[in-house]
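K.L.:
Got a structure for you, questions after.
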Amino acid sequence: MKSPLLSLPGAVPAEGVDEGVAAHYGDLFREQRALADGTGFVDLSHRGVVTVSGPDRLSWLHLLLTQHVTELPVGQATEALILSANGHIEHALYLVDDGETVWAHVEPGTQDALVAYLESMKFFNRVEVADRTDEFAVVYLPAGSIAAVPEGVVVRETAHGRDLFLPRTSLESYAAENGPAVGILAYEALRVEAHRPRLGFETDHRTIPHELGWIGTAVHLQKGCYRGQETVARVQNLGKPPRRLVFLHLDGSEVHLPAAGTELRLASEGEEGRKLGFITTAVRHYELGPIALALIKRNVPLDAGLVAGATAAAQEVVVEP
């Protein structure tokens, strides 16, 4: 779904999963500073929007999600996962309940599979599941923003900012009144700085929540009865995850950023050394320079120097070993 905001001056289309919105509008670092200062907005209209309504919506979702939502207060934001039977992450949902409907935005292109799964689990519960992606666009306002929120628009407010579920027909008029528009690359740079994982970027087919620090934020340990719970409980109580998320400072003298999937090795062993992990997201930050998130083996020493391909990398702990 191509955003109408790609027609704004300077807009450069994003590629890959984020295709359909702008990567930037001509000045990546200025756009990052704007977000960090609490100004501007990010067009996230390529993300999927799914709603669940009906009197049983919270109790029903509670049985399916990793998060405790039976008594979710109206207007309180939360996030949750759906796991496979083996505890691997399949979906990440960013939720808010407006008193009648639970609104969730999800990764681009994942809404069809999510809706299909939810429909298959309805049974006799009084719920209605709907893909609202064609009707609503997600717009992000950074923390500290004083931009107006149109009356009647559902808002999901977190410490990182506000997600608006804006009618698609209002997207262009909202942009005209609340600019400047900021591209997805600036949003991603601040996400990496904040160590926040993203489904499909920091995850692969075998990722479990413990590896990414999603325990506590997206996984509630005092609830049960959801698919994959046994794995979560076993790792939490009896063991350690095989991998851990780390934040990397990359060598700023390199012209190119290491691509996602670039293998990580000990600097002392060079490019022919043992594979210890891989880059998940690499970005250029307006203050920190080139930085990245990566998944590495849990037992890699905290003070170990790493290389991503030929690029030197120094790690900071995100998930404790």
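K.L.:
What pairs come up if the first residue lies in the range 40-67 and is closer than 13 Å to Ala137 by Cα and polar (S, T, N, Q), the second is open to solvent by 10 Å² or more (accessible area, probe 1.4 Å) and at pLDDT below 95, and their beta carbons are under 9 Å apart, counting only those six or more places apart or on different chains?
P.N.:
Listed by first residue and then by second, the contacts come to Ser45/Met1.
K.L.:
Which pairs turn up if I take residues in the range 195-208 that are farther than 17 Å from Val17 by Cα and look for partners that are open to solvent by less than 60 Å² (accessible area, probe 1.4 Å) and in a loop (DSSP other than H, G, I, E, B) with beta carbon separation below 8 Å, at least 6 apart in sequence or on another chain?
P.N.:
His195/Gly213; His195/Val318; Arg206/His88; Thr207/His88; Ile208/Gly87; Ile208/His88; Ile208/Pro241
K.L.:
Listed residues Leu276, Leu288; which is out of contact with any Gly (no Cβ under 7 Å at 6 or more places or on another chain), open to solvent by 70 Å² or more (accessible area, probe 1.4 Å), modelled with pLDDT of 95 or more and more than 30 Å from Leu65 (Cβ to Cβ)? Can you show your working first?
P.N.:
Working: Leu276 fails: open to solvent by 70 Å² or more (accessible area, probe 1.4 Å).
Matching residue, one of Leu276, Leu288: Leu288.
K.L.:
While we're on this one: For the range 291-303, give me each residue that is open to solvent by 30 Å² or more (accessible area, probe 1.4 Å) and touching a residue at least 24 places away in the same chain (Cβ under 8 Å).
P.N.:
The answer is Lys297, Arg298.
K.L.:
To continue, here is another question. Looking at Gly144, Gly161, can you tell me which residue is closer than 22 Å to Phe201 by Cα and small (Gly, Ala, Ser)?
P.N.:
On inspection, the qualifying residue turns out to be Gly161.
K.L.:
Mind checking which pairs have a first residue in the range 308-321 that is on the phi > 0 side of the Ramachandran plot and a second that is open to solvent by less than 40 Å² (accessible area, probe 1.4 Å), Cβ under 8 Å, 6 or more apart or different chains?
P.N.:
The qualifying pairs are Gly309/Pro258; Gly309/Thr262.
K.L.:
Surrounded by fewer than 18 Cβ atoms within 10 Å (Cβ to Cβ) and among the hydrophobic types (A, V, I, L, M, F, W, C): does that describe Ile146?
P.N.:
yes
K.L.:
If you don't mind, there's one more thing I want to ask. Within the range 83-101, is even one residue open to solvent by less than 60 Å² (accessible area, probe 1.4 Å), assigned to a helix (DSSP H, G or I), on the phi < 0 side of the Ramachandran plot and of a type in the set (Phe, Trp, Tyr)? So that I can check it myself, show each step before the final result.
P.N.:
Let us first name the residues in the range 83-101 that are open to solvent by less than 60 Å² (accessible area, probe 1.4 Å), namely 83-84, 87-89, 91-97, 99, 101.
Add one more test, that the residue is assigned to a helix (DSSP H, G or I), and what stays is none.
Within the range 83-101, not a single residue is open to solvent by less than 60 Å² (accessible area, probe 1.4 Å), assigned to a helix (DSSP H, G or I), on the phi < 0 side of the Ramachandran plot and of a type in the set (Phe, Trp, Tyr).
K.L.:
Suppose we keep only residues that are charged (D, E, K, R) and at pLDDT 95 or above within the range 291-311. Which one would you say is nearest to Leu264 (Cα to Cα)? Walk me through how you get there before you give the answer.
P.N.:
If we filter the range 291-311 for residues that are charged (D, E, K, R), which is where we start, we get 297-298, 303.
Next cut, at pLDDT 95 or above only: 297-298.
Details: Lys297: 10, Arg298: 13 Å.
Per the criteria, the residue is Lys297.
K.L.:
I'd like the full set of residues that are acidic (Asp, Glu) and open to solvent by 30 Å² or more (accessible area, probe 1.4 Å), limited to the range 1-40.
P.N.:
Of the range 1-40, the ones acidic (Asp, Glu) are 15, 18-19, 27, 31, 37.
Answer for the range 1-40, where residues must be acidic (Asp, Glu) and open to solvent by 30 Å² or more (accessible area, probe 1.4 Å): Glu15, Glu19, Asp27, Asp37.
K.L.:
Among the residues of the range 181-216, which ones are in contact with a strand residue (DSSP E or B) (Cβ under 6 Å, 6 or more places away or on another chain), under 17 Å from Arg244 (Cβ atoms) and of a type in the set (Val, Ile, Thr)?
P.N.:
Result: Val192, Thr203, Thr207.
K.L.:
So, one more: Every residue in the range 41-72 that is open to solvent by less than 10 Å² (accessible area, probe 1.4 Å) and assigned to a loop (DSSP other than H, G, I, E, B), please.
P.N.:
Across the range 41-72, the qualifying residues are Ser45, Leu65, Thr66, Val69.
K.L.:
Anything in the range 236-273 that is open to solvent by less than 70 Å² (accessible area, probe 1.4 Å), more than 23 Å from the chain's Cα centre (by Cα) and more than 21 Å from Gly305 (Cβ to Cβ)? List them, or say none.
P.N.:
Passing the criteria: only Gly239.
K.L.:
Just one of Val155, Val138 is of a type in the set (A, V, I, L, M), in a strand (DSSP E or B) and open to solvent by less than 20 Å² (accessible area, probe 1.4 Å); which is it? Walk me through it before giving the result.
P.N.:
Working: Val155 fails: open to solvent by less than 20 Å² (accessible area, probe 1.4 Å).
Testing whether each residue is of a type in the set (A, V, I, L, M), in a strand (DSSP E or B) and open to solvent by less than 20 Å² (accessible area, probe 1.4 Å) leaves just Val138.
The values are calculated or read from the model by the stated rules, or taken from the named source; none is laboratory data. Because the structure is predicted, anything quoted here is derived from the model rather than measured. Cβ: placed from backbone, ideal geometry, glycine included. Neighbour counts: every protein chain shown. Side chains included, ligands, DNA and RNA excluded: accessible areas come from the protein's heavy atoms. Shrake-Rupley method; radii C 1.70, N 1.55, O 1.52, S 1.80 Å.
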